[in-house]
1. Under 8 Å by Cβ, and 6 or more places apart or on different chains, what pairs join a residue from region 73-94 that is within 11 Å of VAL131 (Cβ to Cβ) with one that is among the charged types (D, E, K, R) and in a helix (DSSP H, G or I)?
2. Hey, can you tell me all the residues within region 27-67 that are charged (D, E, K, R), outside any helix (DSSP H, G or I) and without any contact (Cβ under 8 Å) to a residue 40 or more places away in the chain?
3. Going residue by residue through region 105-121, is there one that turns out to be surrounded by fewer than 22 Cβ atoms within 10 Å (Cβ to Cβ) and under 12 Å from the mean Cα position of the chain (by Cα)?
Amino acid sequence: MSAPGTGALAAGDRVRRGILVLSGPNLGLLGERQPDVYGSATLGEHLERAVATADALGFEVTHRQSDDEAALIGAVHAARGEMAAIVVNAGALTHSSWSLCDALAAFDGVVVELHLSNPAAREPWRHTSVVAQATDGMVAGFGGLGYELAIRAVAGLVPGSGTDDGRSGRAPQRERQEEMGP
């Protein structure tokens, strides 16, 4: 398999068409929890938008939501070698989960970080994303439109997808792991 972000496929490689949408703690409460910040749409409604966009671009969405950090890490591990990409809204784990960051760094496809709100415009503790260094890019602050934008970003980054531009926003895996340590 070619390295993430190189835009080239080795002979015999197939283009993986699966996208794992990973939803972290409290996202199952969307539509009820802080609608002034996160809007009134439910997680299911956001996923419908993601699925419709993915279908139009020739991808398939699998979704996993958990309030448990270990379950999210397990989903990332299970996606290795199976999915083309991960769209991750880690919720508050974005700012604290080095183990989720390490799991995402070991994933062999495109990773897009997603936030309904704009963390940079909120409380200071939300300004730093520890998972960002393991992602190709971030979509933040666009509300429900963010799910569509994140899927479109994946389609633009998956090598050989027919819509890719061959670019990646993250360092090659080996460099990322060296920067983060063991």
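Where a number appears in this text, it was derived from the coordinates with a stated rule and is not lab data. Computed from a predicted model, the values in this text were never measured in an experiment. No Cβ is skipped: glycine too gets one built from the backbone with ideal geometry, and neighbour counts run over all protein chains shown.
1. Partner pairs satisfying both residue conditions: LEU93/GLU69; THR94/ARG126.
2. GLU32, ARG33
3. yes
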